[in-house]
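To keep things clear, I will list the structure first and then write my remarks on it.
Bear in mind these aren't lab numbers, they're just calculated from the coordinates by the rules spelled out. Keep in mind it's a predicted model, so treat the numbers as computed, not measured. Glycine gets a Cβ as well: all are built from the backbone with ideal geometry, and neighbour counts include every protein chain shown.
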Amino acid sequence: MKDAIDFGSMEIPRLFRKLLIPTLLGMVFSAAFVITDGIFVGKGLGSDALAAVNITAPIFLLTTGIGLMFGLGASVVASIHLSQGKVKVARINITQAVVVSSLFLLLASIFVCMYAPEVSACLGASERLQPLASEYIYWFVPFLAFSSLLLSGMFFIRLDGSPKYAMWCNAIPAVINIVLDYIFIFIFKWGMMGAALASSLGTVIGGIMILAYLFRRSHTIRFIRMKWSRKSLRLTTRNVGYMCKLGASSFLCEATIAFMMFIGNYIFIHYLGEDGVAAFSIACYFFPIIFMVYNAIGQSAQPIISYNFGAGREDRVHAAYRLALKAALCFGLLFCVFTALFRYEIVGMFIDTAYPAYGIAVEGIPLFAIGFIFFAVNIVSIVYFQSVERAVDATWVTVMRGFVFMALCFLLLPGVLDVPGIWLAVPLAELLTTMLVFTIYFRRKRKRRREALGSM
């Protein structure tokens, strides 16, 4: 299944294309996984059901963040070890990442299901939306470990030189989800349970595909038997801690999207009621396409950057980063224009014109889309910082972007611009983050220049 990839010598543009195309296709399928839920829920169950799913989305996003944190963190560490010929250590790293993340999510899932009504209320569900949100939680949350495994496993498979197999790990669950969504919602009439169960079964299949690959003895990156002595557990704790440190900004990226949806739900319900939340949910359903394309670009560049960083090839590191940044910006401009031109069609995919949420979404989504351009720079830059072990920079940018700037913009801008201010909160937060990224970049560049002059 390997695709003849050499991270150390292949030309950067060719290497990037070989990783990007299957990764991007896989991400598109993964986005379809999410969007299909929205379309079927909106068309089959109505705007309240759409709003309820959006209420529970932060749980899924935090799970995604855990998968990405362990996936990227372990992949960066394993990449560096592979570049140094330490194959066994790389295998230990990915095994530790999968075992620890799965155990953590199993325990978390039990807790959330035990207190589903309370959790949905804390996430902002009104009395009208709470039963629907709780039902979705009961049938989706128990399978979160598979969702995380699917995300982290694709990092390891791409590192092993099999981006096409990683693509199919996204594509097959997406197709299964689409088919089951239609059957469970429209034929069996299972409502929220059907929507949740369709997504869950899709992720289970994807997780099984990941496990099947990593148990194969013929691959370089594969599972290895863990030791359970006191010394081994101490080393595991240390290794997992370092992986989490490297991948923390990936978790925070998802946590910030969860926070965006959390605070957005509260602000929209305050100004526009449940219809406002339903309108916001359409933007949030469309958002994964944007995020996953940028994520695909970042994840394609990550093993190239990490491998060559470990090998001391700074020229190849910067070439890969610049190429990823250009690709992300092109997509950002394209997405922004497309959303503005086809806003009626986009909203119409999710709900009928008879719902009040339709008009709210049509007016607001073009404003929301302005942020796609700046979001491109931010996501790729965060991945770059992670890939070269600049975890502090990555974490700082992520925290400022997703919590500080986002909270300030959501809380202050509506008071100035009313409803348009709610939609412009996210774009303004992304713009401020881009300015922060450039500040860090040029400051580091000036520092390196001064150090170079001082050594002469």
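Each residue of the stretch 97-109 in order: what ³J(HN,Hα) in whole Hz does its phi give by Karplus 6.51 cos²θ - 1.76 cosθ + 1.60, θ = phi - 60°, with x for Gly and Pro?
3J(HN,Hα) across the stretch 97-109, in whole Hz: 4, 5, 5, 5, 5, 5, 4, 4, 6, 4, 5, 5, 4.
Report, in deg cm²/dmol and to the nearest 500, the calculated mean residue ellipticity at 222 nm for the chain, where each DSSP H run with n ≥ 4 adds -39500 (n - 2.57) and the sum is divided by the residue count.
-29500 deg cm²/dmol
Rank by packing, highest mean first: peptides 310-323, 418-431, with packing defined as the count of other Cβ atoms within 10 Å averaged across residues.
418-431, 310-323
Show me 58-65, 277-284 ranked by packing, highest mean number of other Cβ atoms within 10 Å first.
Highest to lowest by the protection proxy: 277-284, 58-65.
Which part of the stretch 374-390 falls in the paramagnetic zone of R448, meaning amide N under 18 Å from the point 7 Å along Cα-to-beta-carbon?
380-390
When the Karplus curve 6.51 cos²θ - 1.76 cosθ + 1.60 is applied with θ = phi - 60°, which whole-Hz ³J(HN,Hα) does each residue of the stretch 394-408 get, with x for Gly and Pro?
For the stretch 394-408, the Karplus curve yields 4, 5, 4, 4, 5, 5, 5, 5, x, 10, 5, 4, 5, 4, 4 Hz.
Rounded to the nearest 20 debye, what is the charge dipole size of the chain about its Cα centre when +1 sits on each Lys and Arg Cβ and -1 on each Asp and Glu Cβ?
The dipole of the chain has a size of about 2840 debye.
Send over the per residue convex hull volume for the stretch 278-426, Cα only, as a whole number of Å³.
Convex hull volume per residue, Cα atoms: 97 Å³.
Using θ = phi - 60° and the Karplus form 6.51 cos²θ - 1.76 cosθ + 1.60, what ³J(HN,Hα) does each residue of the stretch 348-363 get, whole Hz, x for Gly and Pro?
Per residue, the Karplus-derived 3J(HN,Hα) values read x, 5, 9, 9, 7, 5, 5, 7, x, 4, 4, x, 4, 5, 4, 6 Hz.
How tilted is helix 191-214 with respect to the longest principal axis of the chain? Cα atoms for both, answer in degrees (0 to 90, nearest 10).
10
Based on the Cβ-Cβ distance from F188 to D418, what FRET efficiency comes out when R0 is 51 Å, to the nearest 0.05?
So, using R0 = 51 Å, E works out to roughly 0.75.
Give me the distance in nm between label points sitting 7 Å out from Cα along the Cα-to-Cβ direction at M226 and V89, one decimal.
Taking the simple label geometry, M226 and V89 are separated by 2.0 nm.
What three numbers, in Å, describe the spread of the alpha carbons of the stretch 109-202 along their principal axes, ordered from the longest?
49, 32, 19
May I ask for the net charge around A361, where only other residues with Cβ less than 13 Å from the Cβ of A361 are counted and Lys, Arg are +1 while Asp, Glu are -1?
Around A361, the surrounding residues sum to -3.
With no solvent and one equal point scatterer per Cα, compute the Debye intensity ratio I(q)/I(0) for the stretch 12-454 at 0.07, 0.11 Å⁻¹ and report its log10, rounded to two decimals.
Taking Cα atoms of the stretch 12-454 as identical point scatterers yields -0.33, -0.83.
Compute the signed sum of charges (Lys and Arg +1, Asp and Glu -1) over the other residues within less than 13 Å, Cβ to Cβ, of A52.
-4
Quick one: if the Förster radius is 41 Å, what FRET efficiency do V99 and V175 give, using the C-beta to C-beta distance and rounding to 0.05?
So the FRET efficiency works out to roughly 0.90.
Could you rank the peptides 98-108, 193-203 by their average count of other C-beta atoms within 10 Å per residue, with the highest value first?
193-203, 98-108
What angle do you read, to the nearest 10 degrees and between 0 and 90, between the alpha-carbon axis of helix 12-45 and the longest principal axis of the chain?
Taking Cα atoms only, the helix is inclined about 20 degrees.
Among the lysines, select those whose C-alpha is under 22 Å from the C-alpha of K18, and discard any that sit fewer than 8 residues away in the same chain.
Leaving aside lysines fewer than 8 places away in the same chain, those within reach of K18 are K2, K164, K326.
Net charge around L424, counting only other residues with Cβ within less than 13 Å of its Cβ (Lys, Arg = +1; Asp, Glu = -1)?
It works out to a net charge of -3.
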